[in-house]
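To start, the structure itself, in structure tokens.
The values are calculated or read from the model by the stated rules, or taken from the named source; none is laboratory data. On a predicted model such as this, the values are computed, not experimentally measured, just so you know. Heads up, the Cβs are rebuilt from the backbone with ideal geometry, glycines too, and the neighbour counts pull from every protein chain shown. We work out accessible area using only protein heavy atoms, side chains counted, and drop any ligands, DNA or RNA first. Shrake-Rupley method; radii C 1.70, N 1.55, O 1.52, S 1.80 Å.
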Amino acid sequence: MDTIIQLRNVSFAYETEEEKNLAVQGVDLDVRRGEFLAVVGHNGSGKSTLAKLFNAILLPTEGHVLVEGMDTSDEEKVYEIRRRVGMVFQNPDNQIVATIVEDDVAFGPENLGVPPAEIRARVDEALRAVGMYEYRLYEPHKLSGGQKQRVAVAGIIAMRTDCVIFDESTAMIDPKGRREVLETVRKLNRELGITVVFITHFMEEAALADRVVVMDSGTIAAEGTPAQIFADTALLQRTGLELPPAAQLARTLREHGVELPDETLTPEQCADALFRAAQKAGVV
Ligand code: ADP
Ligand code: MG
């Protein structure tokens, strides 16, 4: 199996004058090339710390993080590691540096010393990939939150990044913007093979991942497919997580005697299952 990010017995402690806060403890994790990995867990469970360990923003106080074989503690590799693993943060307003969309997307490749003609091609390609090409001459402050996050993603993939980490990048934007961002990310994952680590507190987003990791008190409490994770009621209770809304609806309908398969996690699966249940009942 091809692994893009490898964590081996990784711990990280924030040290303040009064105390030492062990935010990540003994984590072993492989992010597989090409996968869409969701990371969930209640506030303070260590998700953002984990994200920052992935691309050398933080260095482990114990253990090792390897990005495509490069140790994040190796100072000489940090630049290359950050080029290969990009990060989109929560606040869409803190990530845009230029006053015109296309200049913002060009910023990363310019810093890498990419020749101007190639920058032009990469910027256009990246803006098309996130569906923002027609906004290339806009001023970023005129864009919606979802559009700004898509521009931030374009800036990252213009650097030919292999993997993008999203740290609650949909938390501050409206539902429509969230859907746009999520659809864009899924498309980049499927069509360009970009590895995605998607940290979220929206369970409907985690339901669309290939694999879900559940963080709790700085450790990995569980990992599995969305179907496995959301079938584990005890785990959800223990780690303070809810079912995705479509799964909640399916559960309520089941309680009222509608026969729906266990794996009803997304609105599409729910609509599909309801249609089949209605057919079986002779209603349609
Ligand atoms: P999450 O992203 O899941 O909410 P974090 O990784 O932000 O979790 O935080 C994990 C733990 O580390 C929490 O107890 C939090 O209070 C603590 N923490 C986070 N950032 C800092 C910091 N800069 N200094 C000290 N403690 C921190
Ligand atoms: Mg966080």
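For this structure, a couple of remarks:
- If you go through the range 144-159 and keep only what is touching a residue at least 40 places away in the same chain (Cβ under 8 Å), more than 19 Å from Asn111 (Cα to Cα) and open to solvent by 10 Å² or more (accessible area, probe 1.4 Å), you end up with Gly145, Lys148.
- Residue selected from the range 16-45 under the condition within 13 Å of ligand 2 (Cβ to nearest atom) and open to solvent by less than 10 Å² (accessible area, probe 1.4 Å), by the criterion farthest from Ile199 (Cα to Cα): Val24
- Restricting attention to the range 82-96 and to residues that are more than 16 Å from ligand 2 (Cβ to nearest atom) and surrounded by 21 or more Cβ atoms within 10 Å (Cβ to Cβ), the residue that is modelled with the lowest pLDDT turns out to be Ile96.
- Filtering Ala222, Ala206, Ala234 for residues that are in contact (Cβ under 8 Å) with a residue 24 or more places away in the chain and not β-branched (Val, Ile, Thr) leaves a single hit, Ala206.
- When the residues of the range 254-268 are filtered to those that are assigned to a loop (DSSP other than H, G, I, E, B) and more than 23 Å from Phe202 (Cβ to Cβ), the one that is modelled with the highest pLDDT is His256.
- Failed item in (1) crowded, with 16+ Cβ neighbours inside 10 Å; (2) farther than 22 Å from Leu241 by Cα; (3) within 16 Å of ligand 2 (Cβ to nearest atom), with Leu66 passing the rest: (3)
- Condition met for Ala126 (away from ligand 2 (no atom under 16 Å from the Cβ) and outside any helix (DSSP H, G or I)): no
- Checking Asp2 against (1) at pLDDT 95 or above; (2) away from ligand 1 (no atom under 11 Å from the Cβ); (3) not polar (S, T, N, Q), the condition it does not meet: (1)
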